[in-house]
1. What number goes with the only condition from (1) surrounded by fewer than 16 Cβ atoms within 10 Å (Cβ to Cβ); (2) in contact with a Gly (Cβ under 7 Å, 6 or more places away or on another chain); (3) not acidic (Asp, Glu) that VAL243 does not pass?
2. Just the residues that are more than 30 Å from ARG121 (Cβ to Cβ) and acidic (Asp, Glu), please, taken from region 233-262.
3. What tally of residues in region 94-121 results from selecting those that are in a strand (DSSP E or B), out of contact with any Asp or Glu (no Cβ under 6 Å at 6 or more places or on another chain) and over 12 Å from LEU221 (Cα atoms)?
4. Between ALA73, ALA86, which is surrounded by 15 or more Cβ atoms within 10 Å (Cβ to Cβ) and either within 18 Å of the chain's Cα centre (by Cα) or modelled with pLDDT of 95 or more (or both)?
5. For the list (1) within 25 Å of LEU170 (Cα to Cα); (2) within 12 Å of the chain's Cα centre (by Cα), I need the number of the one condition that ALA231 fails.
6. For ALA111, indicate whether it is closer than 26 Å to GLN233 by Cβ, at pLDDT 95 or above and of a type outside the set (Phe, Trp, Tyr).
7. Got at least one residue in region 203-220 being under 24 Å from ALA172 (Cα atoms) and in a strand (DSSP E or B)?
8. Step by step: first the residues of region 189-226, then only those that are in contact with a Phe, Trp or Tyr (Cβ under 8 Å, 6 or more places away or on another chain) and closer than 19 Å to LEU261 by Cα, then the one that is surrounded by the most Cβ atoms within 10 Å (Cβ to Cβ). Which residue is that?
Amino acid sequence: MGWLRRKREPDGPAAAATRAGAASAPPLVPRDRAGIERLARVHLAPDVADRWLALLRPALELVAAGPDDAVVARLGGRPALPDDVAWPVWEGHGPLAYVGELHCARVPAGALDVTLPPDGRLLFFHYDGPVGISAIGTGRDARVVYVPEDVAAAERAVPDPAPSYRERLLTARAILTWPAYADPALRDAFGAEDDDWWEHDVTDEAFLEALYDDRQPRHQLGGYPEPIQGAPQHEAAATALGVPWGDPAVAAEARGWTLVLQVDSDGDMMWGDAGMLYWLARSTELDGRVPEFGFTWQCS
């Protein structure tokens, strides 16, 4: 299906320049209310379009920062950690890789429908070790470290054998997001049974193809996740409950989870086969506190 397509990106200076240029180009699919509404009304009946449009949620697309842009987030490079904070590890496998960080105070006020901590930094780590080793479903292969604004921190080298990545400085661009084909919000809004789900207007292939956006990388803060396989909320919920993904309790639990940060494969950051990392939290905890994070990742 077109909405699941992923392309492996080349690496190197020329490719990086191409990606930087693409990040500043207009999106291939509208991300503003008027543009999205025009698209929906072409493909959906009026009442279906109204219900689908009511599900739209704000997010911040994280794109390469220009010289005059506010740097909201960073991927790669070296993290600054307090002296008393140990480098996160996955016991029995080794240190986690430093993926990047978010400067909470630099997130534009009112840009999201969840509330992050008012200041400080959220640092994101993930185990990027040998292919075939994964702790999906256990929560052991990722960590989030919060460093308060008033706590001294010093830059620290990435320990071997964890990989380090080229530094990328990112600014934020306001967008609107919609729930993907397997998202709990979409299923709840339209209430189709499993046997009928793929016959519904909102899962019609022509509509999903119209929504497919080939921009890469797709780094994002808040809003709905862009899945490569099923809904990331289900995977986070199963991990939190400590039950298999098919357990009946997972569907109800998944409704309470929302995306915090999505990190796409990007040059020397290659998550499996052109995959995506997702950090999520329960919506009830995104009220200015540092939440208990869930994590999953997907690839083609």
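1. (2)
2. Within region 233-262, ASP247 is the sole residue that qualifies.
3. The total comes to 5.
4. Selected residue: ALA73, the only one of ALA73, ALA86 that is surrounded by 15 or more Cβ atoms within 10 Å (Cβ to Cβ) and either within 18 Å of the chain's Cα centre (by Cα) or modelled with pLDDT of 95 or more (or both).
5. The failed condition is (1).
6. yes
7. yes
8. Result: PRO225.
The values are calculated or read from the model by the stated rules, or taken from the named source; none is laboratory data. Treat the numbers as computed from the prediction; the structure is a model and nothing was measured. Backbone-built Cβ (ideal geometry, glycine too); neighbour counts: all protein chains shown.
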